[in-house]
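Accompanying notes for the structure given below.
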Amino acid sequence: MKQIFTQSFSKKAVFVLSCLFAVSKASAQGIVTIKPEFFHVDASKGLILINTPSPQLLTQNEALKVLVSGAHQYTLAEPVVSVDTRQAYRVTEGSSTYTAYFTQIPVLQISTRHQIVDTPSRYANFSLTDAKGTTVQAAMGIEIRGGFSQSYPKKSYELTLWTDTVGTSGRDMALLGMRTDNKWNLQALYNDPLRARIKAANELWQDMNQVYYKDMEPSAKSGISLVYTEVFLNDKYQGIYALTERVDRKQLKLKKYTTKIMGELYKGVDWGMGATTLSAVSGFNNSSTIWDGFEYKEPSEQTEWQTLHDFVDFVVNSSDATFYSQYKTRFKLENAVDYFIFLNLMRATDNTGKNIYIAKYKPNEPYFYVPWDLDGVLGNDWAGQHNTTTNDILTNGLYKRLMKDTPDSEFRGALAARWSALRATVLTKEAILTKLKTNNDYLLANNIYEREHLAWPAYRYNPAEETYPATWLTSRLAYLDAVFKPTTNAVLGTQGPAQTVALQLYPNPASGSLSVEFGTGPYQLSVQNMNGKTLLQTSIASGRSQVAIQSLPAGMYMVRVKSATSTAVQKLVVN
């Protein structure tokens, strides 16, 4: 027996062949017959993948010597009593030699005579088998999906299940425990060395957030589910993918179109545009499904940009009095808080405007965010490279206004309270890393990383990738704890009885200039780094003033103010 994968493990994930293999009378001689739907061969790579269901002990304790599937018979180089998903086995058929693997991951076979392109969808056959023995077959349309990711050798795909070979109508099916639908995505996971970040991040978001109208729409989801799937395309092994649900009207249970605009859904497809980042507003054209970085999704029956345009205009151009009195009717406060926390916790730099959906349940309801993609997170950028930055705040035009810290500052108060609550539950370091580790361990237990290298030779699994997110997350959580948690002003008496005077700094995080309010003045202000070194010092005559901070590098600081009767200290984040 040849062991290809040499990673050591404390426990062996061993399963043994089942009577569900349709074991023949010859099993006493070590011959086992496997149903063809669970036996997948890539002759060009010399690879065999077997995802047999419900493994149990072999009868008569006979060592396995020969695998039979259809008209083919493969002899193991060395007989085995049990098989291990973490190992690889050399088998031969005539003069041909193969490496055989066993997996408990569902296997999707796609076959088509057509060249798969970005658009339109091409007809293909779809056959999905899982480790429980379930097989799903259908006609489908397939096309390449994604933007920059289309430049990768491993492609992501959009799948539409059909009732016929020409796509006359869609065919709704439930796949791998996910929703019943006819449209699915296959995520290639190519730019994540662990092939686990996008799945862990989407799982974390749904632990944090549910749609606010869940009582009225119990099946509505604020994100998507993903299931790992190994893929063959025209009998060529393509490696590990995530089969995923989609963000659409059905997933969010948005109200259907009748005679007027009902539920709304838009996708951010370009984060460099003013509308998606809520930093500028321009005119629109209802004859186009693209406006200033947004792609129009719902209602599909009519394109009308006016309501979204009005919201962007409100964020960009409304007066402070109008904005702070109305923003909670325009955008759901709880969702804004959750997404701001999630965006920054994951440090999803590609998701501030692009790779995000904005939705509305029905007319006269607030908008809310739904995340998308989430591959460049937890210390990696969108290209899959390490980005060790942990001391910054990701934002957009909406959040810049919400973080401005007005006297009532409901957003900042809600942010502090929500961060404290989540840090005690789903956002502990252990809970976050457990999600990543669970997915990573599942892939390791099924020897995915070895097969991923066989499919894409440029890929090399590096065990150090398992420990890097923990180091990164430790630093990121410490930084966000200082920024998001409730701030207590330390007030110390100097001459006579102490007076409690509130110190207000805004915006915080800040860049360029900082507004400071502290009593009636005069007072001294100093800014120190976290090592206690004073980097800026100035005298302020009145209670409210603007302080130039453009000379300060990005990072966290302590702002100290001292008047004749009071001293206060507060943290400041500079972007």
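Just so it is clear, none of the values below were taken in a lab; they were calculated from the coordinates. Remember, it's a predicted structure, so these values are computed and weren't measured experimentally. Ideal geometry is used to build each Cβ from the backbone, glycine not excepted, and the neighbour counts take in all protein chains shown.
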Stretch gain in nm, segment HIS72-THR92, where the contour uses 0.36 nm per residue and the Cα spacing is subtracted: 6.2 nm
Net dipole in debye of the chain [+1 Lys, Arg Cβ; -1 Asp, Glu Cβ; about Cα centre; nearest 20]: 720 debye
Two-site FRET efficiency, TYR506 against GLU334, from Cβ-Cβ distance with R₀ of 25 Å, rounded to 0.05: 0.65
Under 19 Å from the THR388 label point (7 Å along Cα→beta-carbon), backbone N, the range 444-488: 462-480
Förster radius 56 Å - calculated FRET efficiency between LYS429 and GLU217 (Cβ-Cβ, nearest 0.05): 0.95
C-alpha long axis of helix 333-346 to longest principal axis of the chain, angle in °: 70 degrees
Residue (of ALA201, PRO218, GLN187) at the positive-pole extreme of the range 170-221, dipole from beta-carbon charges: GLN187
The range 261-324 pair-distance distribution - Cα-Cα, 5 Å bins, rounded %: 4, 19, 27, 25, 14, 8, 2, 0
Highest average packing first - 263-271, 476-484, Cβ atoms within 10 Å: 263-271, 476-484
Virtual spin-label span in nm between GLN150 and LEU536, 7 Å along Cα→Cβ: 4.5 nm
Those lysines that a straight Cα-Cα span of less than 18 Å connects to LYS562, excepting residues fewer than 8 apart in one chain: LYS533, LYS571
Separation of the SER420 and LYS485 label points, Cα + 7 Å toward Cβ, nm: 1.0 nm
Estimated Rh, the chain: Kirkwood, alpha-carbon pairs, angstrom: 26.9 Å
Cβ-based net charge around THR163, under 12 Å, with every Lys or Arg adding one and every Asp or Glu removing one: -1
Size of electric dipole in the range 253-484: Cβ of Lys, Arg +1 and of Asp, Glu -1, about Cα centre, debye, nearest 20: 500 debye
Peptide ranges 390-401, 536-547, 463-474 listed from the most packed, as the mean C-beta count within 10 angstrom indicates: 390-401, 463-474, 536-547
On Cα atoms only, tilt of 197-208 relative to the major axis of the chain in degrees: 60 degrees
Positive-end extreme of charge dipole, the chain - chosen from ALA455, ILE48, SER420 (charges on Cβ): SER420
Karplus (6.51, -1.76, 1.60) ³J(HN,Hα), θ = phi - 60°, over the range 295-303, in Hz, Gly and Pro reported as x: 10, 6, 10, 9, x, 5, 6, 7, 9
